[in-house]
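Enquirer: Have a look at the structure that comes next, please.
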Amino acid sequence: MNITYRSATPDDALAVSELARELFPDACPHFIPVDAIEEFNDDKLNETVFAEFLDQSERMIINLAQGEDGKLLGYTLLDTQPDPAELLDTVDKNSAYLSKFYVHPDARGTGVAHELMDRVVDDAQQAGFASIFLGTNIYNERANAFYAKNGFEIVGERIFPFAPGIDCTDYVRARVL
């Protein structure tokens with residue numbers, strides 16, 4: 001499999017949104033109703049949202065993995081100006097926030113995730129951060145295993161307000177660079 005890794009451009013907003021909407025349900029716990037996932041996708045992972053992220057290239061760093069056929073196989077979003085409310089007391093204040101990290105099932109087990117993680121770490125180091133933090137649902141076993149394998153330690157928990165009346169618990173993980 002020939003994979004190209006690159007930074008996203010404003011022209012990628014629709015394709016990244018489509019990939020995000022396709023992959024996000026994989027990260028959701030079993031108790032989230034399908035209509036709540038669809039509403040989340042419509043509100044938080046639409047083309048306009050990604051276009052806004054891409055317009056903030058000084059803040060939002062989006063990396064892509066793309067197959068030779070042009071299909072996007074993965075993406076990451078590193079926020080270099082995280083909301084202070086996201087930082088738990090246990091997270092270094094000089095941390096970048098890994099907001100999104102998704103790999104298509106067709107590319108799992110091929111090394112795409114590890115290459116994307118290397119790029120996230122490089123981006124955070126080049127921007128001068130001491131660490132990276134993220135949140136992932138406590139029931140997302142695959143993601144939690146991957147992050148642990150890549151040096152992200154659990155430093156706390158947070159409540160993620162998924163939808164009105166639906167809260168999820170996330171592990172907050174951090175990796176010192």
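Enquirer: What nm distance separates the two modelled labels at ALA145 and LEU14, each placed 7 Å from Cα along Cα→Cβ?
Expert: With each label point 7 Å from Cα toward Cβ, the separation is 3.7 nm.
Enquirer: Please work out how much length the chain gains when fully extended from GLU115 to GLU47, using 0.36 nm per residue of separation minus the C-alpha to C-alpha distance, in nm with one decimal.
Expert: 22.0 nm
Enquirer: At 7 Å along the Cα-to-beta-carbon direction for both GLU157 and GLN56, put a label point, then send me their distance in nm to one decimal.
Expert: 2.9
Enquirer: With a probe of 1.4 Å, find how much accessible area the range 1-125 has per residue, and write the answer as a whole number in Å². If you can, show how the numbers build up before the last one.
Expert: On the way: 6260 Å² over 125 residues.
That works out to 50 Å² for each residue.
Enquirer: Using the C-alpha atoms of the range 1-77, what convex hull volume per residue, in cubic angstrom, is computed?
Expert: Residue-normalised Cα hull volume stands at 93 Å³.
Enquirer: If you don't mind, there's one more thing I want to ask. Please express the Cα-Cα pair-distance distribution P(r) of the chain as a list of whole percents, one per 10 Å bin, running from 0 to the bin with the greatest distance.
Expert: Over the chain, the share of Cα pairs per 10 Å bin runs 9, 38, 41, 11, 0 percent.
Enquirer: Related question: If you stretched the chain out fully between ILE138 and ASP83, how much longer would it get, using 0.36 nm times the residue separation minus the C-alpha to C-alpha distance?
Expert: Working: separation 55, 0.36 × 55 = 19.80 nm, distance 2.15 nm.
Net length gain for the segment: 17.6 nm.
Enquirer: Quick one: grab the alpha carbon gyration tensor of the range 37-110, order the square roots of its eigenvalues as a ≥ b ≥ c, and give me rounded if a/c is under 1.5, else prolate or oblate depending on whether a/b is larger than b/c. Don't jump to the answer; show the numbers that get you there.
Expert: Values: a/c = 1.83, a/b = 1.53, b/c = 1.19.
Note, shape of the range 37-110 comes out prolate.
Enquirer: Considering only the chain, what is the antiparallel percent among its DSSP beta bridges, to the nearest 5?
Expert: Working: 34 of 37 bridges.
Roughly 90 percent of the beta bridges in the chain run antiparallel, per DSSP.
Enquirer: Quick one, could you list the DSSP H helices from the chain stretching 18 Å or more along their long axis (Cα atoms) with average Kyte-Doolittle hydropathy of -1.0 or above?
Expert: On the way: long enough: 13-27 (21 Å, 0.55); 112-126 (21 Å, -0.45).
Counting only whole DSSP H runs, the qualifying helices are 13-27, 112-126.
Enquirer: Calculate what fraction, in whole %, of the accessible area of the range 23-177 sits on carbon and sulfur atoms when a 1.4 Å probe is rolled over the protein chains.
Expert: Reported share for carbon and sulfur atoms: 47 percent.
Enquirer: How far is it, in nm, from the label point at ASP35 to the one at ASP106 when both lie 7 Å from their Cα along the line to the Cβ?
Expert: Each label point lies 7 Å from its Cα, and together they span 3.3 nm.
Enquirer: On to the next question. How big, in percent, is the set of alpha carbon pairs in the range 93-172 lying more than 17 Å apart?
Expert: Working: 1602 of 3160 pairs.
Taking all Cα-Cα pairs of the range 93-172, the fraction more than 17 Å apart is 51 percent.
Enquirer: For ASP92, what is the net charge nearby, where nearby means another residue's Cβ is under 14 Å from its Cβ and Lys, Arg count +1, Asp, Glu -1? Display every interim value, and only then the final one.
Expert: Details: positive: LYS93, ARG173, ARG175; negative: GLU86, ASP89, GLU153.
Cβ neighbours under 14 Å give a net charge of 0.
The values are calculated or read from the model by the stated rules, or taken from the named source; none is laboratory data. Bear in mind the structure is a predicted one, so any value in this text is a computation, not a measurement. Cβ atoms come from the backbone with ideal geometry, glycine included; neighbour counts cover every protein chain shown. We work out accessible area using only protein heavy atoms, side chains counted, and drop any ligands, DNA or RNA first. Shrake-Rupley method; radii C 1.70, N 1.55, O 1.52, S 1.80 Å.
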